[in-house]
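The values are calculated or read from the model by the stated rules, or taken from the named source; none is laboratory data. Here the structure is a predicted model, which is why all the values come from computation and not from measurement. Positions of Cβ are generated from backbone atoms using ideal geometry, with glycine treated the same way; all protein chains shown enter the neighbour counts. For the accessible areas, the whole protein counts, side chains as well, though only heavy atoms, and no ligand, DNA or RNA atoms are used. Shrake-Rupley method; radii C 1.70, N 1.55, O 1.52, S 1.80 Å.
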Amino acid sequence: MSAAAATPRRPASHTSLRGHVRRATGRDHNPLCRPLDRAYSRLAAGAALMVLAAFVVAALVALLVYGSETHDAQRAARHRHVVTAVTTGPAQSDDPRAGSAREHAPARWTYPVGPGTGSVPVPDGTGPGTVVPVGLDDGGQPVGAPRSNGLVVSDAVLAGLGTATVLGSGTGGWYALRRRGLDRRAERSWESAWEQVEPRWSGRR
């Protein structure tokens with residue numbers, strides 16, 4: 001028995017997606033099309049649909065993250081007020097052991113709710129008595145600047161890519177397992193058919 005004869009017959013690898021859809025939905029009336037061929041086509045069409053759905057969900061996640069973070073940044077900007085502060089001590093690194101590049105210095109400022117003091121971010125090397133801008137919330141407490149649009153877009157893109165990767169990996173795993181099961185089914189079907197055909201083909205009785 002040749003190696004070619006021992007290989008289970010499977011759907012042609014060049015079948016287009018349109019052809020798979022026609023076969024999967026029963027609109028392919030080829031008399032040589034077997035139920036197993038339709039199962040392969042349903043798998044291919046299902047995988048394509050799941051990949052498309054994964055991209056749609058990923059895009060929706062990215063849009064939701066972008067909308068949520070943009071709303072938060074706009075709300076933070078409405079409640080952030082920039083005032084002038086005067087440093088009362090030298091700038092110090094946040095964590096010298098960690099090699100932090102950010103520096104803060106003690107400072108005092110005046111705000112409608114009253115004078116305030118606290119630690120504010122300053123440029124490297126800022127000394128006492130330096131005038132620096134500081135952002136305060138409605139209660140007069142220091143707050144950081146709202147997230148920039150660039151960071152918001154970056155978060156949205158990463159969220160979308162992460163979602164697409166997870167869903168795509170799941171689709172790939174499902175396809176591989178299902179394809180393996182169909183391959184085993186094809187092999188068993190071929191062996192059963194060969195047991196019936198081989199005696200007549202070889203002349204044995």
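Distance distribution P(r), the stretch 39-126, all Cα-Cα pairs, bin width 5 angstrom from 0: 3, 11, 10, 10, 10, 10, 9, 7, 6, 5, 5, 5, 4, 3, 2, 0 percent. Backbone amide hydrogens, once placed in the peptide plane, bring Leu136 within less than 5 Å of His81, Val82, Val83, Val143, excluding anything fewer than 5 places away on its chain.
Surface composition of the stretch 78-184: carbon plus sulfur atoms hold 58% of the accessible area, using a 1.4 angstrom probe and ignoring ligands, DNA and RNA. Close amide H contacts of Tyr111 (hydrogens built in the peptide plane, cut-off under 5 Å, sequence separation of 5 or more or a different chain): Gly116.
In order along the stretch 139-152, phi translates into HN-Hα couplings of x, x, 9, x, 9, x, 6, x, 4, 6, 4, x, 5, 5 Hz, rounded to whole numbers, per the Karplus curve 6.51 cos²θ - 1.76 cosθ + 1.60 with θ = phi - 60° and x for Gly and Pro. Evaluated with a Cβ-only charge set (Lys, Arg +1; Asp, Glu -1), the stretch 29-92 carries a dipole of roughly 140 debye about its Cα centre, given to the nearest 20.
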